[in-house]
Amino acid sequence: MQFESKKAPLLAAAALVSALSVVSAPANAGLILTLSDGSTTQTVSDANDTNPFDGIVSFVGTIGAWAFNFTSGLSETDHRHAV
């Protein structure tokens, strides 16, 4: 009887881990660029940036006291089509 009571917490923990793995939220795998001057933050995704190509995120604009900002980020996809 004592052996069975020691297995109960282990089984409960295994059941909890299994349940959490089933109901976990999907990962956001999209390319996102975040720029900040310390008080103002601008977040740009590949879907709403100034660059029309997939896998390249670009931002052109102002952030806080900065009058002009050009920033780009590249993913590991093949970018030969963007040249």
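The values are calculated or read from the model by the stated rules, or taken from the named source; none is laboratory data. Note that the structure is a prediction, hence the values are computed from the model and not measured. Virtual Cβ from ideal backbone geometry, glycine too; neighbours counted across all protein chains shown.
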- Query: So which pairs qualify, if the first residue must be in segment 40-62 and within 11 Å of Leu74 (Cβ to Cβ), the second must be acidic (Asp, Glu), the Cβ gap must be under 6 Å, and the two must be at least 6 apart or on different chains?
  - Reply: Val57/Asp46; Val57/Asp49; Ser58/Asp49
- Message: Residues to consider are Ala19, Ala27; find the one that is surrounded by 10 or more Cβ atoms within 10 Å (Cβ to Cβ) and modelled with pLDDT under 75.
- Response: Ala19
